[in-house]
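The values are calculated or read from the model by the stated rules, or taken from the named source; none is laboratory data. Since the structure is predicted, the reported quantities are computational estimates derived from the model, not experimental observations. Please note: Cβ atoms are built from the backbone with ideal geometry, for glycine as well, and neighbour counts cover all protein chains shown. Surface areas here come from the heavy atoms of the whole protein model, side chains and all, with no ligands, DNA or RNA. Shrake-Rupley method; radii C 1.70, N 1.55, O 1.52, S 1.80 Å.
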Amino acid sequence: GAGVSQSPSNKVTEKGKDVELRCDPISGHTALYWYRQSLGQGLEFLIYFQGNSAPDKSGLPSDRFSAERTGGSVSTLTIQRTQQEDSAVYLCASSLGFGTGGYEQYFGPGTRLTVT
Amino acid sequence: EDKVVQSPLSLVVHEGDTVTLNCSYEVTNFRSLLWYKQEKKAPTFLFMLTSSGIEKKSGRLSSILDKKELFSILNITATQTGDSAVYLCAVKLTFGTGTRLQVTL
(Lines give C-alpha, C1' and ligand atoms only; values in the text may rest on other atoms or scores of the structure.)
Protein backbone atom coordinates (compact mmCIF):
# COMPACT_ATOMS: atom_id res chain seq x y z
CA GLY A 1 0.00 0.00 0.00
CA ALA A 2 0.92 3.65 -0.20
CA GLY A 3 1.46 4.03 3.51
CA VAL A 4 0.54 2.68 6.91
CA SER A 5 -3.18 2.87 7.54
CA GLN A 6 -5.05 2.59 10.81
CA SER A 7 -8.69 2.22 11.66
CA PRO A 8 -10.77 3.59 13.11
CA SER A 9 -9.34 7.10 13.12
CA ASN A 10 -11.40 7.95 16.19
CA LYS A 11 -13.04 5.71 18.76
CA VAL A 12 -15.15 6.74 21.70
CA THR A 13 -16.05 3.95 24.09
CA GLU A 14 -17.52 3.54 27.52
CA LYS A 15 -15.38 2.47 30.40
CA GLY A 16 -15.34 -1.30 30.73
CA LYS A 17 -15.94 -2.05 27.06
CA ASP A 18 -13.42 -3.83 24.81
CA VAL A 19 -11.92 -2.13 21.75
CA GLU A 20 -9.98 -3.34 18.74
CA LEU A 21 -7.61 -1.13 16.81
CA ARG A 22 -6.36 -2.14 13.40
CA CYS A 23 -3.13 -1.43 11.55
CA ASP A 24 -2.30 -2.16 7.91
CA PRO A 25 1.47 -1.81 7.40
CA ILE A 26 3.28 -0.96 4.20
CA SER A 27 3.38 -3.99 1.94
CA GLY A 28 6.61 -5.92 2.35
CA HIS A 29 7.50 -4.43 5.74
CA THR A 30 8.35 -7.26 8.09
CA ALA A 31 8.42 -5.28 11.32
CA LEU A 32 5.40 -3.62 12.90
CA TYR A 33 5.21 -1.50 16.03
CA TRP A 34 2.52 -0.14 18.33
CA TYR A 35 2.98 3.02 20.37
CA ARG A 36 0.73 5.09 22.58
CA GLN A 37 0.87 8.86 22.85
CA SER A 38 -1.02 10.63 25.60
CA LEU A 39 -1.76 14.34 25.33
CA GLY A 40 1.47 16.33 25.36
CA GLN A 41 3.58 13.25 25.96
CA GLY A 42 6.16 11.40 23.93
CA LEU A 43 5.62 8.05 22.28
CA GLU A 44 5.35 5.11 24.64
CA PHE A 45 6.41 1.79 23.11
CA LEU A 46 3.88 -0.98 23.52
CA ILE A 47 4.87 -3.97 21.38
CA TYR A 48 6.58 -4.89 18.15
CA PHE A 49 6.27 -7.77 15.71
CA GLN A 50 8.86 -9.44 13.54
CA GLY A 51 6.72 -11.26 11.05
CA ASN A 52 3.89 -12.71 13.11
CA SER A 53 5.78 -13.10 16.34
CA ALA A 54 6.17 -10.57 19.13
CA PRO A 55 9.60 -10.97 20.76
CA ASP A 56 9.09 -8.07 23.15
CA LYS A 57 5.78 -7.55 24.92
CA SER A 58 7.35 -5.68 27.82
CA GLY A 59 5.77 -2.37 26.89
CA LEU A 60 2.18 -3.54 27.23
CA PRO A 61 0.87 -1.60 30.26
CA SER A 62 -1.30 -4.40 31.65
CA ASP A 63 -2.76 -7.78 30.80
CA ARG A 64 -5.83 -5.97 29.44
CA PHE A 65 -3.71 -5.16 26.39
CA SER A 66 -2.95 -7.73 23.73
CA ALA A 67 -1.93 -7.67 20.10
CA GLU A 68 -1.66 -10.07 17.25
CA ARG A 69 -0.46 -10.05 13.69
CA THR A 70 -1.55 -12.48 11.04
CA GLY A 71 -0.08 -13.31 7.66
CA GLY A 72 2.84 -11.01 8.34
CA SER A 73 0.58 -8.11 7.55
CA VAL A 74 -2.41 -6.70 9.43
CA SER A 75 -2.18 -6.27 13.18
CA THR A 76 -4.85 -5.68 15.78
CA LEU A 77 -4.35 -4.19 19.23
CA THR A 78 -7.07 -5.17 21.66
CA ILE A 79 -7.80 -3.41 24.91
CA GLN A 80 -10.18 -5.23 27.22
CA ARG A 81 -12.25 -3.58 29.93
CA THR A 82 -11.09 -0.11 28.92
CA GLN A 83 -10.25 2.44 31.59
CA GLN A 84 -10.16 6.23 31.31
CA GLU A 85 -6.36 6.21 31.52
CA ASP A 86 -6.32 4.23 28.26
CA SER A 87 -7.44 7.39 26.43
CA ALA A 88 -4.64 8.32 24.04
CA VAL A 89 -3.61 8.25 20.41
CA TYR A 90 -2.46 4.79 19.40
CA LEU A 91 0.14 4.90 16.64
CA CYS A 92 1.24 2.03 14.48
CA ALA A 93 4.45 1.99 12.46
CA SER A 94 6.18 -0.43 10.15
CA SER A 95 9.70 -0.84 8.87
CA LEU A 96 11.45 -2.87 6.24
CA GLY A 97 13.38 -4.77 8.86
CA PHE A 98 13.58 -4.78 12.59
CA GLY A 99 13.92 -1.22 13.92
CA THR A 100 16.44 -1.29 16.74
CA GLY A 101 19.18 -2.10 14.24
CA GLY A 102 18.50 1.14 12.44
CA TYR A 103 15.51 0.90 10.13
CA GLU A 104 13.38 4.00 9.81
CA GLN A 105 9.80 3.55 10.87
CA TYR A 106 6.84 4.75 8.82
CA PHE A 107 3.92 5.79 10.97
CA GLY A 108 0.21 5.60 10.42
CA PRO A 109 -2.14 8.49 11.24
CA GLY A 110 -3.12 6.95 14.55
CA THR A 111 -6.36 6.05 16.29
CA ARG A 112 -7.59 8.52 18.87
CA LEU A 113 -9.22 6.52 21.66
CA THR A 114 -11.44 8.26 24.17
CA VAL A 115 -12.80 6.29 27.10
CA THR A 116 -15.74 7.98 28.81
CA GLU B 1 16.28 1.03 31.39
CA ASP B 2 16.91 2.91 28.15
CA LYS B 3 16.53 6.69 28.36
CA VAL B 4 16.23 9.43 25.77
CA VAL B 5 16.07 13.04 26.94
CA GLN B 6 15.36 16.00 24.70
CA SER B 7 15.83 19.69 25.34
CA PRO B 8 14.45 22.23 25.30
CA LEU B 9 10.88 21.03 25.81
CA SER B 10 9.60 23.92 23.74
CA LEU B 11 10.97 26.79 21.76
CA VAL B 12 9.49 29.86 20.07
CA VAL B 13 11.58 31.60 17.41
CA HIS B 14 11.09 34.12 14.64
CA GLU B 15 11.14 33.13 11.02
CA GLY B 16 14.72 33.19 9.75
CA ASP B 17 16.28 32.22 13.07
CA THR B 18 18.54 29.19 13.47
CA VAL B 19 17.65 26.62 16.13
CA THR B 20 19.49 23.74 17.74
CA LEU B 21 17.57 20.88 19.32
CA ASN B 22 19.28 18.47 21.68
CA CYS B 23 18.93 14.77 22.35
CA SER B 24 20.92 12.80 24.91
CA TYR B 25 20.60 9.09 25.50
CA GLU B 26 21.56 6.23 27.77
CA VAL B 27 20.89 2.88 26.15
CA THR B 28 22.43 -0.56 25.97
CA ASN B 29 23.58 -1.88 22.61
CA PHE B 30 23.34 1.40 20.75
CA ARG B 31 22.97 0.99 16.99
CA SER B 32 21.43 4.20 15.69
CA LEU B 33 19.62 7.38 16.61
CA LEU B 34 16.68 8.65 14.60
CA TRP B 35 15.02 12.04 14.31
CA TYR B 36 11.36 12.47 13.38
CA LYS B 37 9.11 15.47 12.79
CA GLN B 38 5.53 15.30 14.11
CA GLU B 39 3.15 17.94 12.85
CA LYS B 40 -0.36 16.64 13.40
CA LYS B 41 -0.45 12.94 14.03
CA ALA B 42 2.06 10.69 12.26
CA PRO B 43 5.77 11.33 12.88
CA THR B 44 7.76 11.49 9.67
CA PHE B 45 11.35 10.37 9.38
CA LEU B 46 14.11 12.95 9.11
CA PHE B 47 17.50 11.35 9.78
CA MET B 48 19.15 8.19 10.97
CA LEU B 49 22.60 8.52 12.50
CA THR B 50 24.88 5.60 13.18
CA SER B 51 28.40 7.01 13.03
CA SER B 52 29.90 9.61 15.27
CA GLY B 53 30.92 12.95 13.81
CA ILE B 54 29.32 12.52 10.41
CA GLU B 55 26.77 15.20 9.61
CA LYS B 56 23.56 14.26 7.86
CA LYS B 57 22.02 17.10 5.87
CA SER B 58 18.76 17.69 4.09
CA GLY B 59 18.12 21.21 2.90
CA ARG B 60 18.02 23.51 5.92
CA LEU B 61 18.08 20.63 8.38
CA SER B 62 21.20 18.89 9.58
CA SER B 63 22.08 16.52 12.38
CA ILE B 64 25.18 15.10 13.97
CA LEU B 65 25.86 12.38 16.51
CA ASP B 66 28.48 12.22 19.25
CA LYS B 67 28.73 8.61 20.43
CA LYS B 68 31.36 9.39 23.01
CA GLU B 69 29.24 12.01 24.78
CA LEU B 70 25.98 10.19 23.96
CA PHE B 71 24.08 12.98 22.30
CA SER B 72 22.85 14.31 19.02
CA ILE B 73 21.79 17.73 17.80
CA LEU B 74 19.34 18.72 15.12
CA ASN B 75 19.94 22.10 13.50
CA ILE B 76 17.43 24.04 11.47
CA THR B 77 18.70 27.14 9.69
CA ALA B 78 16.59 29.98 8.26
CA THR B 79 13.49 28.62 9.99
CA GLN B 80 10.10 28.91 8.30
CA THR B 81 6.60 28.70 9.75
CA GLY B 82 6.30 25.27 8.14
CA ASP B 83 9.03 24.02 10.47
CA SER B 84 6.63 24.40 13.41
CA ALA B 85 6.20 20.89 14.80
CA VAL B 86 7.30 18.54 17.54
CA TYR B 87 10.72 17.04 16.83
CA LEU B 88 11.25 13.57 18.26
CA CYS B 89 14.48 11.74 18.88
CA ALA B 90 14.49 7.95 19.17
CA VAL B 91 17.03 5.30 20.07
CA LYS B 92 15.97 1.67 19.66
CA LEU B 93 12.30 1.70 20.65
CA THR B 94 12.58 4.56 23.12
CA PHE B 95 11.42 8.03 22.11
CA GLY B 96 12.13 11.28 23.86
CA THR B 97 9.23 13.51 24.84
CA GLY B 98 10.09 15.81 21.96
CA THR B 99 10.84 19.48 21.46
CA ARG B 100 7.88 21.60 20.41
CA LEU B 101 9.12 24.25 17.98
CA GLN B 102 6.97 27.21 17.05
CA VAL B 103 8.18 29.55 14.32
CA THR B 104 6.43 32.91 14.25
CA LEU B 105 6.35 35.59 11.55
Report task. Residue by residue through the stretch A:38-56, note down the ones that are in contact with a Phe, Trp or Tyr (Cβ under 9 Å, 6 or more places away or on another chain) and more than 9 Å from chain B (Cβ to nearest Cβ). Result -> A:LEU46, A:ILE47, A:PHE49, A:GLN50, A:ALA54, A:PRO55
Query raised in the report: Scanning the stretch A:89-105 for residues that are open to solvent by 40 Å² or more (accessible area, probe 1.4 Å) and more than 7 Å from chain B (Cβ to nearest Cβ), which turns out modelled with the highest pLDDT?
Result: A:LEU96
Report summary line: When B:THR104 is run through (1) away from every other protein chain (no Cβ under 13 Å); (2) open to solvent by 50 Å² or more (accessible area, probe 1.4 Å); (3) in contact (Cβ under 8 Å) with a residue 60 or more places away in the chain, the failure sits at (2)
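Residues checked against (1) farther than 16 Å from B:LEU9 by Cα; (2) loosely packed, with under 13 Cβ neighbours inside 10 Å; (3) under 12 Å from the mean Cα position of the chain (by Cα); (4) at pLDDT 95 or above:
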residue	(1), (2), (3), (4)
B:ARG31	yes, no, no, no
B:ALA42	yes, no, no, no
B:PHE45	yes, no, yes, no
B:LEU49	yes, no, yes, no
B:SER52	yes, yes, no, no
B:GLU55	yes, yes, no, no
B:ARG60	yes, no, no, yes
B:SER72	no, no, yes, yes
B:ASN75	no, no, yes, yes
Requested in this report: Working only within the stretch B:65-78, note down all residues that are of a type in the set (Ser, Thr, Tyr) and either free of Cβ contacts under 8 Å to residues at least 12 places away in the same chain or assigned to a strand (DSSP E or B) (or both).
Outcome: B:SER72
Query raised in the report: If a residue has to be in contact with a strand residue (DSSP E or B) (Cβ under 9 Å, 6 or more places away or on another chain) and at positive phi to count, how many in the stretch B:60-84 make the cut?
Result: 1
Query raised in the report: Hey, among B:THR18, B:THR79, which residue is over 21 Å from A:TYR33 (Cβ atoms), at pLDDT 95 or above, of a type in the set (Val, Ile, Thr) and crowded, with 17+ Cβ neighbours inside 10 Å?
Result: B:THR79
Query raised in the report: If you check every pair at least six apart or on different chains, which have Cβ atoms under 8 Å apart with a residue in the stretch B:38-56 that is free of Cβ contacts under 8 Å to residues at least 24 places away in the same chain and over 15 Å from B:LEU74 (Cβ atoms) first and a residue that is open to solvent by less than 70 Å² (accessible area, probe 1.4 Å) and of a type in the set (Gly, Ala, Ser) second?
Result: B:LYS41/A:GLY110; B:ALA42/A:GLY108; B:ALA42/A:GLY110; B:THR50/A:GLY102; B:THR50/B:SER32
Query raised in the report: So, of the residues in the stretch A:62-71 that are free of Cβ contacts under 8 Å to residues at least 24 places away in the same chain and open to solvent by less than 80 Å² (accessible area, probe 1.4 Å), which turns out to be farthest from the other protein chains (Cβ to nearest Cβ)?
Result: A:GLY71
Query raised in the report: Looking only at the stretch B:26-64, which residues are assigned to a strand (DSSP E or B), closer than 25 Å to A:GLN41 by Cβ and within 13 Å of another protein chain (Cβ to nearest Cβ)?
Result: B:LEU33, B:LEU34, B:TRP35, B:TYR36, B:LYS37, B:GLN38, B:THR44, B:PHE45, B:LEU46, B:PHE47, B:MET48, B:LEU49
